[in-house]
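The values are calculated or read from the model by the stated rules, or taken from the named source; none is laboratory data. Treat the numbers as computed from the prediction; the structure is a model and nothing was measured. So basically every Cβ, Gly included, is an ideal-geometry build from the backbone, and we count neighbours across all protein chains shown.
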Amino acid sequence: MNSLLERDVHLFDLDNTLYHPKNAILEQIGPRMRNFISHELGISLEASSTLCSDYYFRYGGTIRGIQLHYPSVDLNKFSEFSHQVELDNVEKATKLKDALHAFKKSRYVFTNSPLPYATRVLKHIDLYDCFDGIFSVELTGYKMKPDPHAFNKICQHFDFEASDAAFYDDQPSNIATAKKLGMRTILVNRDDIEHHDACYKTEDLPSFVASLIK
Ligand SMILES: [Mg+2]
């Protein structure tokens, strides 16, 4: 773990990283995206579903594919509609909050989600005041993770080098870019993956962060 403590900047993905996938928030967003696109493009729900997942895998996010292939779609409207999710059953991240507050490094949220949603989720799980800043998808011009562009942008935005950073995320493709750029990497909440390229792997981020505190 010493190799992580050498890093002064710690970047945390939001969805399924700062909260556990069992909260199933993304499972609410997917259908809303598919409905919006079906209505907006006048295509069947089935066709919309195929298109959304194709863009998600090709570009790291459906919205990037829509931006490239359907420039007439209002991305703000799409994003706002898609992210109107119910959070009532999502628990506060009390243990992670305590660990992050005690972890004396620069801490940023680095998410492919839009800022209003990221803010709402972070406030709901009570982690909003644990970070020095939020770098949301708008700041990448929707050229999001795993595109190296997003990583270069966050480095510029908060003025640090990739080699100063540790990167926590649940997506192996994002981990791969971070690693190539020289970040130390931690794959989070993926008990379905055995073989991976990350420097570390954890299914319990609160305990993992707590273990870094001396
Ligand atoms: Mg994620």
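Restricting attention to the stretch 44-61, which residues are modelled with pLDDT of 95 or more and surrounded by 17 or more Cβ atoms within 10 Å (Cβ to Cβ)?
Correct list: SER48, SER49, LEU51, CYS52, TYR55.
Considering only residues that are within 16 Å of the ligand (Cβ to nearest atom) and hydrophobic (A, V, I, L, M, F, W, C), look in the stretch 100-114 and name the one that is farthest from LEU75 (Cα to Cα). Give the steps one after another, and end with the answer.
Kept after step one, since they are within 16 Å of the ligand (Cβ to nearest atom), are these residues of the stretch 100-114: 108-114.
With hydrophobic (A, V, I, L, M, F, W, C) added as a condition, the list becomes 109-110.
Details: VAL109: 22, PHE110: 20 Å.
So the residue we want is VAL109.
Before we move on, is ASP192 charged (D, E, K, R), touching a helix residue (DSSP H, G or I) at 6+ places or on another chain (Cβ under 9 Å) and closer than 17 Å to ASN16 by Cα?
Working: charged (D, E, K, R): yes; touching a helix residue (DSSP H, G or I) at 6+ places or on another chain (Cβ under 9 Å): no; closer than 17 Å to ASN16 by Cα: yes.
When the stated conditions are applied, ASP192 does not pass them.
List the number of the failed condition for ALA99; all other conditions in (1) in contact (Cβ under 8 Å) with a residue 24 or more places away in the chain; (2) hydrophobic (A, V, I, L, M, F, W, C); (3) within 19 Å of PRO146 (Cα to Cα) hold.
(3)
Which members of the stretch 168-189 meet the condition of being touching a helix residue (DSSP H, G or I) at 6+ places or on another chain (Cβ under 9 Å) and of a type in the set (A, V, I, L, M, F, W, C)?
If the condition is that a residue be touching a helix residue (DSSP H, G or I) at 6+ places or on another chain (Cβ under 9 Å) and of a type in the set (A, V, I, L, M, F, W, C), then ALA178, LEU181, MET183, ILE186, LEU187, VAL188 are the ones that fit.
Tally the residues that are outside any helix (DSSP H, G or I) and more than 14 Å from the ligand (Cβ to nearest atom), restricting the search to the stretch 156-173. Outline the logic, then answer.
Our first condition is that a residue be outside any helix (DSSP H, G or I); within the stretch 156-173, this holds for 159-161, 165-171.
Okay, now just the ones that are also more than 14 Å from the ligand (Cβ to nearest atom), so 159-161, 165-166.
Number of matching residues: 5.
Inside the stretch 1-65, counting only helices (runs of 4 or more DSSP H) that do not spill past its ends, which hold 2 or more residues that are within 16 Å of the ligand (Cβ to nearest atom)? Lay out the reasoning, then the answer.
Numbers: elements: 2-5, 26-41, 45-59.
The helices (runs of 4 or more DSSP H) meeting that bar are 26-41, 45-59.
Which residue pairs have Cβ atoms under 6 Å apart, sit 6 or more places apart or on different chains, and have a first residue in the stretch 14-27 that is assigned by TED's automatic domain parsing to the domain that holds ASN112 and a second that is more than 10 Å from the ligand (Cβ to nearest atom) and in a helix (DSSP H, G or I)?
LEU14/ALA118
Tally time: how many residues in the stretch 174-214 are touching a residue at least 40 places away in the same chain (Cβ under 8 Å), part of a loop (DSSP other than H, G, I, E, B) and surrounded by 16 or more Cβ atoms within 10 Å (Cβ to Cβ)?
Number satisfying all stated conditions: 3.
Return yes when LYS153 is basic (Lys, Arg), in contact with a strand residue (DSSP E or B) (Cβ under 9 Å, 6 or more places away or on another chain) and assigned to a helix (DSSP H, G or I) and no when it is not. Give the derivation first.
Working: basic (Lys, Arg): yes; in contact with a strand residue (DSSP E or B) (Cβ under 9 Å, 6 or more places away or on another chain): yes; assigned to a helix (DSSP H, G or I): yes.
So LYS153 fits the description; yes.
Could you please let me know if SER48 is of a type in the set (S, T, N, Q), without any contact (Cβ under 8 Å) to a residue 60 or more places away in the chain and in contact with a helix residue (DSSP H, G or I) (Cβ under 8 Å, 6 or more places away or on another chain)?
On the way: of a type in the set (S, T, N, Q): yes; without any contact (Cβ under 8 Å) to a residue 60 or more places away in the chain: yes; in contact with a helix residue (DSSP H, G or I) (Cβ under 8 Å, 6 or more places away or on another chain): yes.
Considered against the rule, which asks whether it is of a type in the set (S, T, N, Q), without any contact (Cβ under 8 Å) to a residue 60 or more places away in the chain and in contact with a helix residue (DSSP H, G or I) (Cβ under 8 Å, 6 or more places away or on another chain), SER48 comes out as yes.
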